[in-house]
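I have placed the structure first, in the form of structure tokens, so that the comments after it can refer back to it.
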Amino acid sequence: MARIFCKYHPTVPARWTCRACGIDFCHRCMQAEGSDTPHCPVCHQAAESLGSGNVIEPFWQRLQAIFAYPLQLHPLLFMLGLTVLGVLIESVAGRTLVGWLVGEIVLYVVFLKYAYVVLERTAAGHLEAVPVTWEAIATELELPFKQFFILFLIYAINASLANSGHTGLLFLSMFLSALLLPASIMVLAIEHSLLSAINPVIL
Ligand SMILES: [Zn+2]
Ligand SMILES: [Zn+2]
């Protein structure tokens with residue numbers, strides 16, 4: 001399926017469309033509008049989602065870039081650094097609470113946060129590596145926690161269905177979870193909104 005691009009940012013894939021105006025908008029255009037519920041910046045009517053599928057280039061079209069990406073200097077050093085730190089903490093303080101907190105939680109959150117910056121940048125078409133900066137890691141550090149929350153929510157829904165014994169519903173729910181999770185992660189990475197990332201209508 002051909003991708004639809006933003007009328008005002010011709011290189012950026014469109015995320016929303018206005019039926020009334022017949023105009024497609026990218027996420028940036030909607031941000032400029034300064035509202036959480038997307039409205040057409042031209043006529044101010046409610047805009048319709050084009051689906052996150054339009055924003056994401058199919059992965060098989062950029063397989064080469066996917067494997068080349070982590071071999072660039074910044075991501076490579078970042079992952080090496082995290083690995084070395086993880087091993088060090090494990091050997092020095094692996095059995096203490098502080099060691100567990102730093103080794104398991106902090107490193108994971110830092111890694112996820114960087115992964116989100118990378119996702120957001122690559123989704124916008126930038127394939128050169130993101131420099132690992134304090135700013136990239138520290139701003140909007142709540143993103144990984146939103147991700148934890150979404151995973152927990154999915155787990156909780158499936159677990160309660162499993163406990164209730166509704167096998168049919170459980171399979172349906174597990175199927176939907178697997179289907180929607182990648183889209184949910186992309187929406188979270190691009191829009192940073194927990195509500196959008198758990199709203200099946202927007203995905
Ligand atoms: Zn735009
Ligand atoms: Zn409009």
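Some notes on this structure:
- Gain on full stretching of the segment that runs from residue 5 to residue 66 - 0.36 nm per residue minus C-alpha separation: 19.7 nm
- Segment 16-55, relative contact order in percent, only Cα pairs under 8 angstrom and at least six apart counted: 45 percent
- Across all Cα pairs in segment 143-197, the calculated P(r) in 5 Å bins from zero up to the longest distance comes to 5, 20, 27, 21, 14, 9, 4, 0 percent per bin.
- Positive-end residue of 179, 98, 129, charge dipole of the chain with Cβ unit charges: 179
- Segment 143-197, relative contact order [Cα under 8 Å, separation at least 6], %: 35 percent
- Around the Cα centre of the chain, unit charges on the Cβ atoms of Lys, Arg, Asp and Glu (plus for the first two, minus for the last two) sum to a dipole of about 280 debye.
- Only the Cβ atoms of Lys and Arg (+1) and of Asp and Glu (-1) were treated as charged; on that basis the dipole of segment 67-158 about its Cα centre amounts to roughly 140 debye.
- Helix-only CD estimate at 222 nm, as mean residue ellipticity for the chain, using -39500 (n - 2.57) per DSSP H run (n ≥ 4): -17000 deg cm²/dmol
- Relative contact order of the chain, defined on C-alpha pairs under 8 angstrom at six or more residues apart (%): 16 percent
- Gyration tensor (Cα) of the chain, equivalent ellipsoid semi-axes in angstrom: 33, 25, 16
- Residues whose amide H lies under 5 Å from that of residue 199, counting only those 5 or more places away or on a different chain, are absent; hydrogens are built 1.01 Å from N in the peptide plane.
- Ordered from highest to lowest accessible area with the whole protein assembly present and a 1.4 Å probe, 153, 169, 195 read as 195, 169, 153.
- Each eigenvalue of the Cα gyration tensor of segment 62-138, multiplied by 5 and square-rooted, gives one semi-axis; in descending order these are 27, 13, 9 Å.
- Euclidean distance between Cα centres, segment 146-203 to segment 56-126, Å: 23 Å
The values are calculated or read from the model by the stated rules, or taken from the named source; none is laboratory data. Quantities reported herein were computed from a predicted structural model and do not represent experimental measurements. All Cβ positions, glycine included, derive from the backbone under ideal geometry; neighbour counts span all protein chains shown. We work out accessible area using only protein heavy atoms, side chains counted, and drop any ligands, DNA or RNA first. Shrake-Rupley method; radii C 1.70, N 1.55, O 1.52, S 1.80 Å.
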